[in-house]
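Visitor: There's a structure below that I have some questions on.
Read-outs: derived from the displayed coordinates by stated rules, not from any lab. Being a predicted model, the structure only gives us computed values, none of them experimental. Backbone-built Cβ (ideal geometry, glycine too); neighbour counts: all protein chains shown.
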Amino acid sequence: MRAGKNIGEDAEQPCPICSHDSLKFVRYVYGDELKRNSGRVVYPPEWLRELVTTYDQFTCYVVEVCVDCAWNHLVKAYVAGRRHRRPSGRVGEDRRSSRT
Ligand SMILES: [Zn+2]
């Protein structure tokens, strides 16, 4: 995977394989709604904001990529979009359980 060369954010830790300081976080977006943008790397990072306000739902994958030895692994995947605008929702407290 060559995606990380000029894109993505630098990771703070070195690569676990080659221990070079060449690890990057690269974000990909996937989703039917995205059409031709599906599977693309989010670059520049501001593009994500546009996607979030344009599409209802898509999936984001954050992948750690070493540009030196090509090691990569999935850090996290999450759903984003207009329907999922809030990054961290509150836990509802007033949940009513139905009593019989
Ligand atoms: Zn490496």
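Visitor: Please go through segment 1-80 and write out the trypsin sites (Lys or Arg not before Pro) that DSSP classes as loop and that have at most 15 other C-beta atoms within 10 Å.
Guide: In loop regions of segment 1-80 (DSSP not H, G, I, E or B), the sparsely surrounded trypsin sites (Lys or Arg not before Pro) are ARG2, LYS5.
Visitor: Counting only other residues whose beta carbon sits under 14 Å from that of LEU51, what net charge do I get with K and R as +1, D and E as -1?
Guide: Net charge in that neighbourhood comes out at +3.
Visitor: On to the next question. Per residue of segment 35-49, in order, report the coupling 6.51 cos²θ - 1.76 cosθ + 1.60 (Karplus, θ = phi - 60°) as ³J(HN,Hα) in whole Hz, putting x for Gly and Pro.
Guide: Each residue's phi maps through the Karplus curve to give 6, 5, 7, 5, x, 8, 7, 7, 8, x, x, 5, 4, 4, 4 Hz.
Visitor: Once a ≥ b ≥ c are taken as the square roots of the eigenvalues of the Cα gyration tensor of segment 1-53, is the result rounded (a/c under 1.5), prolate (a/b larger than b/c) or oblate (a/b not larger than b/c)?
Guide: Verdict is prolate for segment 1-53.
Visitor: So what is Rg over Rh here for segment 9-84, counting just Cα atoms and using Kirkwood for Rh?
Guide: Using Cα coordinates only, the ratio equals 1.05.
Visitor: Work out how much length CYS69 to ASP21 would gain on full extension: take 0.36 nm times their residue separation and subtract the Cα-Cα distance, in nm to one decimal.
Guide: Full extension of this stretch gives 16.2 nm more.
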